[in-house]
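See below for the structure under consideration.
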Amino acid sequence: MLYKSQAVAKPYFIAAIGLFVGQILFGLIMGYQYVVGDFLFPAIPFNVARMVHTNLLIVWTLFAFMGAGYYLIPEEAETELFSPKLAIIMFWIFLVAGALTIVGYLAVPYATLAQMTGNDILATMGREFLEQPLPTKVGIVIVALAFLFNISLTVLKGRKTSISLVLLLGLWGLAIFFLFSFYNPSNLVLDKYFWWWTVHLWVEGVWELILGAMLAFVLIKITGVDREVIEKWLYVIIAMTLITGIIGTGHHYFWIGAPEYWQWFGSVFSALEPIPFFMMTVFAFNMVNRRRREHPNKAATLWALGTGVMSFLGAGVWGFMHTLAPVNFYTHGTQITAAHGHMAFFGAYAMVNLTMISYAMPMLRGRSANSRSAQTLEMWSFWLMTVSMVFITLFLTAAGILQIWLQRMGSNPMSFMDTQDQVMLFYWLREIAGLVFFVGLVLYIWSFFCKKGEAHFAA
Amino acid sequence: MSETFTKAMARNIFYGGAVFFFLLFIALTFDTVQSLPKRDHRENITDSVVRGKHIWETRDCVGCHTILGEGAYFAPELGNVYKRRGGEFIKAWIKSQPTGAPGRRQMPQFNLTDQQLDDLVSFLKWTSEINTSNWPPNIEG
């Protein structure tokens, strides 16, 4: 840690990991509800569990992004953070708001929560991933703006590198496109059209800028490769991201009532979306192969390489699999989507967060890398989580193919629920893979408390 | 990457590409919004449909069901449920939940009034009439 104020990143990373654990626990509940339908009913109905699962994912990712910003920006700008105090205040506001939101989901019926929180003044709730009550949404905007203000001023008073610039662009984009979550017209088609301006332009747009900047930063630190080379790669990757990804939004506009030319625009451009992810993989391996130093943090290197590979597989390959309109006609809204969603989100965003945390946390704890034993544990957790996520994806893909075959093809299609009974085996297997993932997560947490062996202290 | 291809060139491709394709996206969006009325039949969005969408949202229906293929995959597609089941069945179904069948997926009881049930059905009826380019592939959704 080069600058004292980078320390504010630590609580953000800890909160991120805590919420990650919550996300996985609720994922296990839902996975079990898929096979034993009335599990925990009516205490936690499936839709509530899902809201908690997906919202925790979003919130822990935001915590990790902000932690990454607070850690990376002072180091890149070569100056102390503009206001560490503001960063800590915002941490507590965000944590309390997030916790209250989750408690709200679990403690009162959703309709009551909507009434209590002013949804009748401005109705924004009840749309996938944007279920948060109005005060939470406003809170997200306030916290994001305070964060952006803080890091933007830090960059303005210090060195301006391409990495901080790209990170700032991504984070500003995140805040701006979130504003579409406040637009909820009563026309469902328009609602859906602009809902994607938040959801797609986040995960297949500006978030990839944040991902790229975080990965580039860690790669510079652990490989010692020349900044010029790494930043050139970064620009090429994010150029391809936006060139393909913006019009690629069209792959969501095939069947929601939008004009049919979107089938062409969406298919062609989103078919190119794997390119930046493939480049990310090549980039990560290339930089590690050309490394000019042996950084003692092997675990962080593993996470960085893993991010490249898994984001390419999850977002790139599994995305391509169902992105062409004639294919998507059959796969849209099935377990294929769930399969893609799981590996893409884990491979791209969960893993880049864990990469950043893996690199920065030891620094924040006053060492350059954890002891060998702690790193071994962390690498075990990497493999357990990654491999079980591959299996979760494969099982859901199998379930999805079978579902499409039985429910949507052939002359005698089955009903939705009859089809679900037919694919039950794969849901069981998915749940088992989920339990292995959880074991990996426990090992991950444990690695932070491993006392065995000597930590590395050299700079 | 080769030495002749510089960081400045990469940066220019990024800014140029991002701006160009975002402007193209805005232009396509403008055209889409212009042509939507022919496909979404918005002249049929009555007050009841508007209230129905509000019921749909405040009960978080999308947390289990899909609508036009978007949502959760735990329960049936409802974009075409009006055509599959009809309004009376939908109302009776919602009123009779949960089934309580052991081990089966359960839908909560939302205690909707008759007016609210009618509104929800209006919303689902209007939704089933959106021109979705013939999606879903068959009536099962």
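The values are calculated or read from the model by the stated rules, or taken from the named source; none is laboratory data. Because the structure is predicted, anything quoted here is derived from the model rather than measured. Every residue, glycine as well, gets a Cβ built from its backbone with ideal geometry; the counts of neighbours run over all protein chains shown.
Select, from A:376, A:386, A:355, the only residue that is part of a helix (DSSP H, G or I), under 25 Å from residue A:12 (Cα atoms), without any contact (Cβ under 8 Å) to a residue 12 or more places away in the chain and not acidic (Asp, Glu).
A:376
Being touching a helix residue (DSSP H, G or I) at 6+ places or on another chain (Cβ under 7 Å), modelled with pLDDT of 95 or more and either closer than 21 Å to residue A:198 by Cα or within 14 Å of chain B (Cβ to nearest Cβ) (or both) narrows it down to one of A:68, A:111, A:77, so name that one.
That would be A:111, the only listed residue that is touching a helix residue (DSSP H, G or I) at 6+ places or on another chain (Cβ under 7 Å), modelled with pLDDT of 95 or more and either closer than 21 Å to residue A:198 by Cα or within 14 Å of chain B (Cβ to nearest Cβ) (or both).
What number of residues within the stretch B:77-109 satisfy the criterion of being outside any helix (DSSP H, G or I) and either of a type in the set (A, V, I, L, M, F, W, C) or touching a helix residue (DSSP H, G or I) at 6+ places or on another chain (Cβ under 6 Å) (or both)?
Of the residues in the stretch B:77-109, 5 are outside any helix (DSSP H, G or I) and either of a type in the set (A, V, I, L, M, F, W, C) or touching a helix residue (DSSP H, G or I) at 6+ places or on another chain (Cβ under 6 Å) (or both).
Report, ordered by the first and then the second residue, all pairs with beta carbons closer than 7 Å, sequence separation of six or more or different chains, a first member in the stretch A:222-246 that is farther than 30 Å from residue B:26 by Cβ, and a second member that is assigned to a helix (DSSP H, G or I) and among the hydroxyl-bearing types (Ser, Thr, Tyr).
Pairs found: A:222/A:301; A:222/A:359.
In the stretch A:22-40, how many are touching a Phe, Trp or Tyr at 6+ places or on another chain (Cβ under 9 Å) and either modelled with pLDDT under 95 or of a type in the set (A, V, I, L, M, F, W, C) (or both)?
The number of residues fulfilling the criteria is 8.
Looking at the stretch A:55-67, is at least one residue in contact (Cβ under 8 Å) with a residue 60 or more places away in the chain, small (Gly, Ala, Ser) and closer than 20 Å to residue A:358 by Cβ?
yes
For residue B:114, state whether it is buried (at least 21 other Cβ atoms within 10 Å of the Cβ), more than 23 Å from residue A:255 (Cβ to Cβ) and either more than 8 Å from chain A (Cβ to nearest Cβ) or of a type in the set (Ser, Thr, Tyr) (or both).
no
Quick check on my filter: what residues within the stretch A:255-272 are facing chain B (nearest Cβ under 9 Å), under 25 Å from residue A:173 (Cβ atoms) and surrounded by fewer than 24 Cβ atoms within 10 Å (Cβ to Cβ)?
Answer for the stretch A:255-272, where residues must be facing chain B (nearest Cβ under 9 Å), under 25 Å from residue A:173 (Cβ atoms) and surrounded by fewer than 24 Cβ atoms within 10 Å (Cβ to Cβ): A:262, A:265, A:269.
To keep it simple, each residue is scored yes or no on (1) aromatic (Phe, Trp, Tyr); (2) within 29 Å of residue A:31 (Cα to Cα); (3) away from chain B (no Cβ under 14 Å).
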position	(1), (2), (3)
A:351	no, yes, yes
A:359	yes, no, yes
A:364	no, no, yes
A:378	no, yes, yes
A:406	no, yes, no
A:410	no, yes, no
A:437	yes, yes, yes
A:449	yes, no, yes
A:453	no, no, yes
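Filter the stretch A:295-328 down to the residues that are aromatic (Phe, Trp, Tyr) and surrounded by 19 or more Cβ atoms within 10 Å (Cβ to Cβ) and list them by number.
If the condition is that a residue be aromatic (Phe, Trp, Tyr) and surrounded by 19 or more Cβ atoms within 10 Å (Cβ to Cβ), then A:303, A:312, A:318 are the ones that fit.
Filter the stretch B:89-111 for residues that are out of contact with any Pro (no Cβ under 6 Å at 6 or more places or on another chain), within 17 Å of residue B:78 (Cβ to Cβ) and facing chain A (nearest Cβ under 7 Å) and give the result.
B:105
I'd like the full set of residues that are in contact with a Phe, Trp or Tyr (Cβ under 7 Å, 6 or more places away or on another chain) and among the polar types (S, T, N, Q), limited to the stretch A:385-413.
A:388, A:393, A:407 - these are the residues of the stretch A:385-413 that are in contact with a Phe, Trp or Tyr (Cβ under 7 Å, 6 or more places away or on another chain) and among the polar types (S, T, N, Q).
Does the stretch A:159-174 hold any residues that are facing chain B (nearest Cβ under 10 Å) and among the charged types (D, E, K, R), and which are they?
none
For the stretch A:38-51, give me the residue count where each residue is more than 23 Å from the chain's Cα centre (by Cα) and surrounded by 22 or more Cβ atoms within 10 Å (Cβ to Cβ).
1
Search the stretch B:40-55 for residues that are more than 7 Å from every other protein chain (Cβ to nearest Cβ) and pair each with any residue that is not in a helix (DSSP H, G or I) when their beta-carbon atoms are under 6 Å apart and the residues are at least 6 apart or on different chains.
Pairs found: B:41/B:129.
Taking the condition of being on the phi > 0 side of the Ramachandran plot and not polar (S, T, N, Q), how many residues in the stretch B:79-114 meet it?
Number satisfying all stated conditions: 3.
Which residues, counting only those in the stretch A:391-414, are under 18 Å from residue B:135 (Cβ atoms) and exposed (fewer than 15 other Cβ atoms within 10 Å of the Cβ)?
Result: A:409, A:410.
Taking the stated definitions as given, is residue B:123 assigned to a loop (DSSP other than H, G, I, E, B), among the hydrophobic types (A, V, I, L, M, F, W, C) and at negative phi?
Considered against the rule, which asks whether it is assigned to a loop (DSSP other than H, G, I, E, B), among the hydrophobic types (A, V, I, L, M, F, W, C) and at negative phi, residue B:123 comes out as no.
May I ask you to verify whether residue A:177 is closer than 18 Å to residue A:65 by Cα, without any contact (Cβ under 8 Å) to a residue 60 or more places away in the chain, surrounded by fewer than 24 Cβ atoms within 10 Å (Cβ to Cβ) and more than 9 Å from chain B (Cβ to nearest Cβ)?
yes
In the set A:278, A:283, A:329, which member is of a type in the set (Phe, Trp, Tyr), under 15 Å from residue A:204 (Cα atoms) and part of a helix (DSSP H, G or I)?
A:278
Give me a count of the residues in the stretch B:126-135 that are more than 7 Å from chain A (Cβ to nearest Cβ) and on the phi < 0 side of the Ramachandran plot.
3
Among A:97, A:107, A:7, A:114, which is the only one that is small (Gly, Ala, Ser) and surrounded by 22 or more Cβ atoms within 10 Å (Cβ to Cβ)?
Criteria check complete, one pass: A:114.
(1) part of a helix (DSSP H, G or I); (2) of a type outside the set (Ser, Thr, Tyr); (3) in contact (Cβ under 8 Å) with a residue 12 or more places away in the chain: which one isn't true of residue A:80, the others all being true?
(1)
Can you tell me which residue is surrounded by the fewest Cβ atoms within 10 Å (Cβ to Cβ) among those in the stretch B:42-68 that are of a type in the set (Val, Ile, Thr) and in a loop (DSSP other than H, G, I, E, B)?
B:46
Considering only residues that are in a helix (DSSP H, G or I), surrounded by fewer than 24 Cβ atoms within 10 Å (Cβ to Cβ) and out of contact with any Ser or Thr (no Cβ under 7 Å at 6 or more places or on another chain), look in the stretch A:207-231 and name the one that is nearest to the other protein chains (Cβ to nearest Cβ).
A:228
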